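A.B. asks: Below: one structure in structure tokens.
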Amino acid sequence: MMKIRKEIMELLPEVKHNRRELHQIPEIGLATIKTKEYLIEQLSGYGVDEIKTGYAENGFAVWVQGQSRDAVGFRSDMDALPIQEETTVAFKSHHEGNMHACGHDGHMANMLALCHYICKHKKQLKQSVLFIFQPGEEGDGGARRMIDQGLFRDYPIQQVFGTHLVGDLPKGKIGCKAGPFMARNGEITIKLYGQSAHGAQPHTGNDMSIAMSSLLLQLQTIVSRNMDPLHNTVITFGEIHCGQVSNVIADHAIMRGTMRSFTDAMYEKMKIRMQQICDGIAESFQCKAELYIEDCYHVVDNDETLNELLKQVCGDDYLEIEPRMISEDFSDYQREVPGLFYFTGIQDERYNKNIHDCQFDFDEAALLTSVEVNVRLLEAMHIL
């Protein structure tokens, strides 16, 4: 397990308190009002130089001035999930139906601790540090909103770092990889329209349950027969609706799913094939087929130089892991400046639930690992 310096270990009570306070006020999407208020209240006591609000509704930037305006950035997401918490902890959610089940409460507590540490060492700070507190990671595109609203025009940076807690890596370990690390994703909606009829007279209607079944099977051939098997791609439909009554032919159907890829070329090819297959279904079943694809997050593409730096500062606690098909809007920051996104392990014998589970929890001591790592990165870059 990674050795944590004494001064960071002494931040544990503060980290634990902040994480538990934030855990009790989970907010969804961009509407992180109470979360923002709590964070700014804490940050105001650290001696930061600027706090600027107004990005992505409730996002904000925190600037700690060093000897130079050259700067490095660190990002934390702020939003929670619409999940009913089923833990028995004393600090469980006060917001019915909402839960910090993805560890963003830990990310924020981590960033508060890092900011506090840096403010204590501001005199040694050779460059400036930008802390990005971002709402709307869970589907609202908060990163792109913050960028489009002038975040990097207001605060230019040279590199950006981010991390995510994961329950399938041991506590004290860091997981990462250079290059494509997390997938590009899109959300798919397909609507089919036919003609209703009595179930005893199917020839008088146009049954969309049959069209939908055929469409679903054909769409699954895209990955297996149209995509290069050396390039990982996924098309999954998790929501299908068709018909309401047992003896009535369904006149419409709707399917919703997700698509993932590690390259833009494969992603665009999947979109083209989906449209071709939908058009073919419409013609063969003499129905109307509508395909909607919402392009969401780009590939998280880790900078090779920054990844080598992470390896150097972590030593044996660095684990090179396989890319994952999950997605993250940290990728939008990486489209602006070189960036590195890594995983912080939290798994131990007591805490073994992974993110998005209604019983997800973790030992706050695991958060100190990424505080230590980020301080080591600043030292290795001769910023601190």
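The values are calculated or read from the model by the stated rules, or taken from the named source; none is laboratory data. Just so you know, these numbers come straight off a predicted model, no measurement behind them. We place every Cβ from the backbone using ideal geometry, glycine too, and count neighbours over all the protein chains shown.
A.B. asks: Specify the residue that is surrounded by the fewest Cβ atoms within 10 Å (Cβ to Cβ); the eligible residues are those in segment 270-318 that are small (Gly, Ala, Ser) and not assigned by TED's automatic domain parsing to the domain that holds Asp329.
C.D. replies: Looking at residues that are small (Gly, Ala, Ser) and not assigned by TED's automatic domain parsing to the domain that holds Asp329, I get Ser284.
A.B. asks: Restricting segment 323-373 to residues that are more than 17 Å from the chain's Cα centre (by Cα), more than 24 Å from Val72 (Cβ to Cβ) and acidic (Asp, Glu), which is surrounded by the most Cβ atoms within 10 Å (Cβ to Cβ)?
C.D. replies: Asp361
A.B. asks: Another question about this same structure. So, of the residues in segment 1-54 that are touching a helix residue (DSSP H, G or I) at 6+ places or on another chain (Cβ under 7 Å), basic (Lys, Arg) and surrounded by fewer than 19 Cβ atoms within 10 Å (Cβ to Cβ), which turns out to be farthest from Lys173 (Cα to Cα)?
C.D. replies: Lys52
A.B. asks: Another question, if that's okay. Going residue by residue through segment 260-269, is there one that turns out to be surrounded by fewer than 19 Cβ atoms within 10 Å (Cβ to Cβ), aliphatic (A, V, I, L, M) and in a helix (DSSP H, G or I)?
C.D. replies: Scanning segment 260-269 turns up at least one residue that is surrounded by fewer than 19 Cβ atoms within 10 Å (Cβ to Cβ), aliphatic (A, V, I, L, M) and in a helix (DSSP H, G or I).
A.B. asks: Give me the helices (runs of 4 or more DSSP H) completely within segment 272-382, filtered to those with at least 1 residues that are within 30 Å of Gln218 (Cβ to Cβ) and of a type in the set (A, V, I, L, M), ordered by residue number.
C.D. replies: Here the list is empty.
A.B. asks: Based on this model, can you work out whether Asp228 counts as surrounded by 13 or more Cβ atoms within 10 Å (Cβ to Cβ) and among the acidic types (Asp, Glu)?
C.D. replies: So Asp228 does not fit the description; no.
A.B. asks: Ok, one more. For Glu96, state whether it is part of a loop (DSSP other than H, G, I, E, B), out of contact with any helix residue (DSSP H, G or I) (no Cβ under 8 Å at 6 or more places or on another chain), assigned by TED's automatic domain parsing to the domain that holds Ala31 and free of Cβ contacts under 8 Å to residues at least 24 places away in the same chain.
C.D. replies: yes
A.B. asks: Only one of (1) modelled with pLDDT of 95 or more; (2) on the phi < 0 side of the Ramachandran plot fails for Asp168. Which number is that?
C.D. replies: (1)
A.B. asks: Quick one: Arg350 ticks every box in (1) free of Cβ contacts under 8 Å to residues at least 24 places away in the same chain; (2) of a type outside the set (Val, Ile, Thr); (3) closer than 25 Å to Gln124 by Cβ except a single one, so which number is it?
C.D. replies: So the condition that Arg350 fails would be (3).
A.B. asks: Could you tell me whether segment 190-203 includes any residue that is in a loop (DSSP other than H, G, I, E, B), out of contact with any strand residue (DSSP E or B) (no Cβ under 7 Å at 6 or more places or on another chain) and not small (Gly, Ala, Ser)?
C.D. replies: yes
A.B. asks: Would you mind stating whether Thr344 is closer than 29 Å to Arg260 by Cα and of a type in the set (S, T, N, Q)?
C.D. replies: When the stated conditions are applied, Thr344 passes them.
A.B. asks: Here are some conditions: (1) in a loop (DSSP other than H, G, I, E, B); (2) in contact with a Cys (Cβ under 6 Å, 6 or more places away or on another chain). Asn185 meets all but one. Which one does it not meet?
C.D. replies: (1)
A.B. asks: Would it be correct to say that Gly136 is out of contact with any His (no Cβ under 6 Å at 6 or more places or on another chain), buried (at least 24 other Cβ atoms within 10 Å of the Cβ) and outside any strand (DSSP E or B)?
C.D. replies: Yes.
A.B. asks: Considering segment 252-292 alone, what residues qualify as being β-branched (Val, Ile, Thr) and more than 30 Å from His203 (Cα to Cα)?
C.D. replies: Those that are β-branched (Val, Ile, Thr) and more than 30 Å from His203 (Cα to Cα): Thr258, Thr263, Ile272.
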